[in-house]
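A.B. asks: Structure in structure tokens, see below.
Coordinate-derived values only; no laboratory data. Just so we're clear, the structure is a prediction, and the values are computed from it rather than from any experiment. No Cβ is skipped: glycine too gets one built from the backbone with ideal geometry, and neighbour counts run over all protein chains shown.
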Amino acid sequence: MAVSNRLKNQHLLWRAAFGPMAEAQADLDTVSQKKLWETLVKTSAKEPEYIDVANNVLKGLVSGIGDAVRMENLKDKLTPEDRKFIRQQSQEDLKSLNLRWMAEMINSESQLREKMAFFWHGHFACREINIFYQQLMLQEMRSKALTNFGDILKAVSKSASMLSFLNNQQNRKQHPNENFAREVMELFTLGRGNYTENDIREAARAFTGWGFNLKGEFVFRRGQHDEGSKTIFGKTGNFDGDDVLNMLLENKQTSKYITRKLYKFLVNENEVDDARVNWLADRFYTSKYDIQSLLKDIFTSDWFYAEKNIGSKIKSPVELIVGIRRVLPMELQISQVQLLFQKVLGQVLFYPPNVAGWPGGTSWIDSSSLMFRLRLPQLLKDNETANITPKTDDDQQMGMMDDKMAKRDYKIYNNKTPGNTAQRIMADINWDEYMKVYKDIPRENLVDVMATILLQTPDGSIKKDTVSAAADASSKETFIKSVTVALMATPEYQLC
Amino acid sequence: MVIKRREFLQIGSLASASFMMPKFLKAFEGNGGKMVPPGNKVLVVLQMSGGNDGLNTVIPIRNDIYYRERPKLGITKENALLLNDEVGINPALSSFKELFDQGQLGIMNSVGYPEPDRSHFRSMDIWHTASASNEYSSTGWLGKYLDAQCKDCDKPTQALELDDVLSLALKGDNIKGLALKDPQRLFNASQAQYFKALAKQHQYEHERPADYLYKTMAETISSADYIYKQSKMHPSTEVYPNTELGKNLKTISSLILSDINTKVYYVSIGSFDTHVGQENTQKRLFTEMSDAIRAFTNDLKKNNRFEDVLMMTFSEFGRRLTQNASGGTDHGKGSNMFFIGGGLKQKGILNDMPDLVNLDEGDVKYKVDFKSVYATVLNKWLGADDQLILGKKYEQLNFV
């Protein structure tokens, strides 16, 4: 079956961006993939603005502590109340950061950049509750998203977020901590089986003394650094952390590992064409890890647009929510409700399950997450209450869940509080904008046309009668609205 | 995974067919008779989220170090419910004391794992996946049990979690457990005409991603119907406390008393993250546990099912021996597990009380790897291949 020009363009937009946008629907029938790719590159060229959502009181408190204080002595400088405030406010601000970044994913024209930043966010997965450190790390991901893998690796390895998360602040000459050295090899560069336990032990020594200060700046603590000779990957010398990162980048396996992971993320998560990955990885290595040329190799190829790659990927929860909001423009009066969606569906930005990131694929789908995905479009359309309780996260509560809070949460999630807002979905959908593309389509063709716009699966994968039977045919407008919800409430819509 | 449409139709029809079977009649044999075939062992896992302080749960009433390190928080011998000369239990766990006296409670001390992690999420991950602390897995131990046991299962209802969201523990590579708060609600949510119509019109091909989604959807629709009908078959008549856990255990009991094929139930309570005001929080949560479990065990006893049910509790870690300045305790390491049931082979206090002299950074050192407990439960209680499921051979314990 021939793949239509529109489907190819939508495929590109789902993989290199967060899906087609309502306003740009009309062009997708005619524009070429090459042209669309060039537009994506051009609109992402601008350096992203720093997202700063940190609370002013929090900023004042933290800057008031002064630079002279060492991280280790922080506890003595702050009252228990201050510490509690910092923790709680930082977590509140992380929620704002989450929503702000999601808004960028939805509205920013730098789609390619945000999509790649989203990939790196999952690759360099990091759970760290300090809002300042997370803001800095996010900015590194976004500003370097399309530049060079080596640069991102080095920036992440020297970020307060990652050094804190992987305990490198405790990696000292006398007591090496191997956590960072292990993950940098296993998850960030080489992949399992391409290093020895001895390489990890020795590399951990090279990273001793790598730390950070209160402002989140990288600090090299010479006194804690092991100056002795180390043997890593068969080479012996007085290596430091930068040397190890360079060795990892010199190893072709890093190029293969990253290319393979990107291929699964961008092309096909079920079927990996090894020959193609090797070809891409060779070129990625030769280009000294130039990300944009690797992306160009993928998105301007013919094989990327092969039918087997289209609609083969299960959207992650963030991709699903952002995708709906791009195609169906809406204002959410209570934007926090998106945090509930993320929790229930299993992907909360800045809270990856562990340093390995979100496993993706079929792991997104179980009975309850699928049923919620299928209900979501209807909830948005009818402003219903979600009526669902996410699991609590004790790393986020930090023992602050006292009796009063427990009772409050119980009431919220069981809908027993008047004016309960945590679960109310108040969405103002801009249907007029959305419906423009269907203006001249005759009623009898609507279901087919809408299916080609909303679904990435082959024509006729859902029987037209089944959708029509669920539609409200009282007017063209209600028909379009109800068919939209019906098409989004299908297993096919979970795919891109 | 290839599932043919015809197989699906068969699965669908089995749900209704099971109601015609003679086995169904057994449920109405009366109080004396067994409701389901004997030997149908059931596991109930109770997750105590947040890191429960094991030392104020099972109290070393003759240990001076305990009282020295917890001048404010320590529970005195007079206040504890005494299990023997050395050991008391938290006064809010009165039903546990009763079960102990009846030989229906086992306590395993100092359970943990090598190279412990003090982050809630990471440590819970390790307990859920039964992986080493430097390994990451996207499947849980009960999910892997489903993968191993359920290749030919007619319905994915072998493991149920009483929750809106499914835990990692119940996610396998090919098969996942099913989460539900309430059979009625799951039934209502999944039986929409449109979903049924969608499931009906889908043509299964070869391993397409859509097939996986349709399979999950069809199984949810058919399971929701099956669970709902089973839950109404022999609803529990016992009075349960009107708490979250009380309601959940009543749902579990109603299902255990039915003909359902469920082997594992999973339910959580929390948060036990008692950095502040530990005494009140533990009291509130333990009271909820104690009252709900009293009703649950009485219910099962009256219906002759207590011998077939094993309840097991765990928490992602214990807490620091030394109390903190806020009337609480901070994240620690080893902690205790409870086993409750009429079929325990070993009862009472199963091993030594925690060693408070040789600590691991101020925390109770682990003596029993929790994976050994899993291996025992999988092998001896659920009759499964523990080595295949856990990927390694662990020592078998003797409590069941």
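A.B. asks: Among the lysines, select those whose C-alpha is under 19 Å from the C-alpha of A:Lys252, and discard any that sit fewer than 8 residues away in the same chain.
C.D. replies: Of all the lysines, those that pass the test against A:Lys252 - Cα under 19 Å, at least 8 places apart if same chain - are A:Lys154, A:Lys235, A:Lys261, A:Lys264, A:Lys288.
A.B. asks: On to the next question. In what sequence, highest mean first, do A:435-442, B:93-100 appear when ranked by Cβ atoms within 10 angstrom?
C.D. replies: Highest-to-lowest ranking by the protection proxy: B:93-100, A:435-442.
A.B. asks: Any idea what Rg and Dmax come out to for region A:151-263 if you just take the C-alpha atoms, in Å?
C.D. replies: Taking only Cα atoms of region A:151-263, I get Rg and Dmax of 13.3, 42 Å.
A.B. asks: Further, regarding this structure: Treating the angle as unsigned and between 0 and 90°, give the value, to the nearest 10°, between the Cα long axis of helix A:5-16 and the longest Cα principal axis of chain A.
C.D. replies: 30 degrees
A.B. asks: Okay, next question. Classify region A:209-276 as rounded, prolate or oblate from the Cα gyration tensor: take a ≥ b ≥ c as the square roots of its eigenvalues, call it rounded if a/c is under 1.5, otherwise prolate when a/b beats b/c and oblate if not.
C.D. replies: Here region A:209-276 falls in the oblate category.
A.B. asks: For the protein assembly as shown, what is the per residue volume of the convex hull drawn over the alpha-carbon atoms, in cubic angstrom?
C.D. replies: Spelled out: Cα convex hull of the protein assembly as shown, divided by residues, is 167 Å³.
A.B. asks: Under the classification rounded if a/c is under 1.5, otherwise prolate if a/b is larger than b/c and oblate if not, where does region B:267-367 fall, given a ≥ b ≥ c as square roots of the Cα gyration tensor eigenvalues?
C.D. replies: Since a/c reaches 1.5 but b/c is at least a/b, the shape of region B:267-367 is classed as oblate.
A.B. asks: What is the angle, in °, between the Cα long axis of helix A:252-266 and the longest principal axis of the Cα atoms in chain A? Nearest 10 is fine, range 0 to 90.
C.D. replies: Tilt of helix A:252-266: around 30 degrees.
A.B. asks: Give me the percent of Cα-Cα pairs in region B:112-204 that sit more than 18 Å apart, rounded to a whole number.
C.D. replies: Values: 2487 of 4278 pairs.
Considering region B:112-204, 58 percent of its Cα-Cα pairs are separated by more than 18 Å.
A.B. asks: A further question on this structure: I need the shape label for region A:200-343. Rule: rounded when a/c is under 1.5, else prolate if a/b > b/c, else oblate, with a, b, c from the alpha carbon gyration tensor. The partial results should precede the final answer.
C.D. replies: Details: a/c = 3.20, a/b = 1.43, b/c = 2.24.
Since a/c reaches 1.5 but b/c is at least a/b, the shape of region A:200-343 is classed as oblate.
A.B. asks: In terms of Cα to Cα distance under 13 Å, which aspartates and glutamates are near enough to B:Lys393, apart from those fewer than 8 places away along the same chain?
C.D. replies: B:Asp369, B:Asp385
A.B. asks: Express in % the proportion of alpha carbon pairs of region A:94-193 at distances exceeding 24 Å.
C.D. replies: 25 percent
A.B. asks: Continuing with this model, one more query. How large is the dipole of the protein assembly as shown about the Cα centre if only Lys and Arg carry +1 and Asp and Glu carry -1, each at its Cβ, rounded to the nearest 20 debye?
C.D. replies: In total the dipole reaches around 860 debye.
A.B. asks: Another question, then. If you count, for every residue in B:161-168, the Cβ atoms of partner chains within 10 Å of its Cβ, what is the mean?
C.D. replies: Going residue by residue through B:161-168 and averaging, the value is 5.
A.B. asks: Follow-up. Between B:Cys153 and A:Glu384, how high is the FRET efficiency from 1/(1 + (r/R0)^6) when r is the Cβ-Cβ distance and R₀ = 51 Å? Nearest 0.05.
C.D. replies: Once the sixth-power term is evaluated, E becomes 0.90.
A.B. asks: Evaluate the charge dipole of region A:1-65 about its Cα centre and quote only its size in Debye, nearest 20, assuming +1 on the Cβ of each Lys and Arg and -1 on the Cβ of each Asp and Glu. Walk me through the intermediate numbers first.
C.D. replies: On the way: 8 positive and 7 negative charges, 52 e Å.
For region A:1-65, the charge dipole is close to 240 debye.
A.B. asks: So what J values fall out for region A:160-171 if you push phi through Karplus, 6.51 cos²θ - 1.76 cosθ + 1.60 with θ = phi - 60°, rounded to Hz, Gly and Pro as x?
C.D. replies: Values, residue by residue: 4, 4, 6, 4, 6, 4, 9, 6, 6, 4, 9, 8 Hz.
A.B. asks: Based on the alpha carbons, how large is the Rg to Rh ratio for region A:10-106 when Rh follows Kirkwood?
C.D. replies: Values: Rg = 21.6 Å, Rh = 17.3 Å.
Using only Cα positions, Rg/Rh for region A:10-106 is 1.24.
A.B. asks: Moving on. May I ask you to list the lysines whose Cα is less than 26 Å away from that of A:Lys84, ignoring any residue fewer than eight positions away on the same chain?
C.D. replies: A:Lys59, A:Lys75, A:Lys95, A:Lys215, A:Lys343, A:Lys391, A:Lys404, A:Lys407, A:Lys411, B:Lys72, B:Lys283, B:Lys333
A.B. asks: Sticking with this structure for a sec: What is the diffusion coefficient of chain A in µm²/s, taking the Kirkwood radius over Cα pairs and the Stokes-Einstein relation at 4 °C with a viscosity of 1.567 mPa s?
C.D. replies: 53 µm²/s
A.B. asks: Over region A:218-315, what is the relative contact order in whole percent, taking alpha-carbon pairs under 8 Å and six or more residues apart?
C.D. replies: Averaging sequence separation for qualifying contacts and normalising by length gives 19 percent for region A:218-315.
A.B. asks: For the peptides B:359-365, B:303-309, A:54-60, what is the packing order when you average, over each peptide's residues, the other Cβ atoms within 10 Å and list the highest mean first?
C.D. replies: Per-residue mean Cβ counts within 10 Å order the peptides as B:303-309, B:359-365, A:54-60.
A.B. asks: Still on this structure, please answer the following. Around A:Val348, under 13 Å between beta carbons, what's the net of Lys plus Arg minus Asp minus Glu among the other residues?
C.D. replies: Values: positive: A:Lys95, A:Arg127, A:Lys343, A:Lys391; negative: A:Asp393, A:Asp395.
Net local charge, A:Val348 excluded: +2.
A.B. asks: Looking only at the protein assembly as shown, where both bridge partners belong to it, what percent of the DSSP beta bridges are antiparallel (to the nearest 5)?
C.D. replies: Just about 55 percent of them are antiparallel.
A.B. asks: Continuing with this model, one more query. Give me a single rounded figure for A:281-294: the average over its residues of other chain Cβ atoms within 10 Å of their Cβ.
C.D. replies: 0
A.B. asks: Related question: How high is the relative contact order of chain B, given as a whole-number percent (alpha carbon pairs under 8 Å, six or more residues apart)?
C.D. replies: 28 percent.
A.B. asks: A further question on this structure: Take the Cα coordinates of region A:429-496, assign each an equal point scatterer, and use the Debye formula without solvent to give log10 I(q)/I(0) at q = 0.14 Å⁻¹.
C.D. replies: Values, matching the q order: -0.37.
A.B. asks: For q = 0.13 Å⁻¹, what log10 I(q)/I(0) does region B:53-193 give under the Debye formula with an equal point scatterer on each alpha carbon and no solvent?
C.D. replies: -0.84
A.B. asks: Are there trypsin sites (Lys or Arg not before Pro) in region B:131-208 that DSSP marks as loop and that have at most 14 other Cβ atoms within 10 Å, and which are they?
C.D. replies: B:Lys151
A.B. asks: Would you mind ranking B:Cys153, A:Cys126 by Cβ crowding within 10 Å, fewest neighbours first?
C.D. replies: Values: B:Cys153 14, A:Cys126 21.
Going from sparsest to densest Cβ surroundings: B:Cys153, A:Cys126.
A.B. asks: Under the definition of partner shielding as Cβ atoms of other protein chains within 10 Å of a residue Cβ, what is the mean value for peptide B:199-212?
C.D. replies: 5
A.B. asks: May I pose another question? Rounded to the nearest angstrom and ordered from largest down, what semi-axes does the equivalent ellipsoid of region B:152-267 get from its C-alpha gyration tensor (root of 5λ)? Mind dumping the intermediate values first?
C.D. replies: Details: eigenvalues 146, 47, 30 Å².
They are 27, 15, 12 Å, listed largest first.
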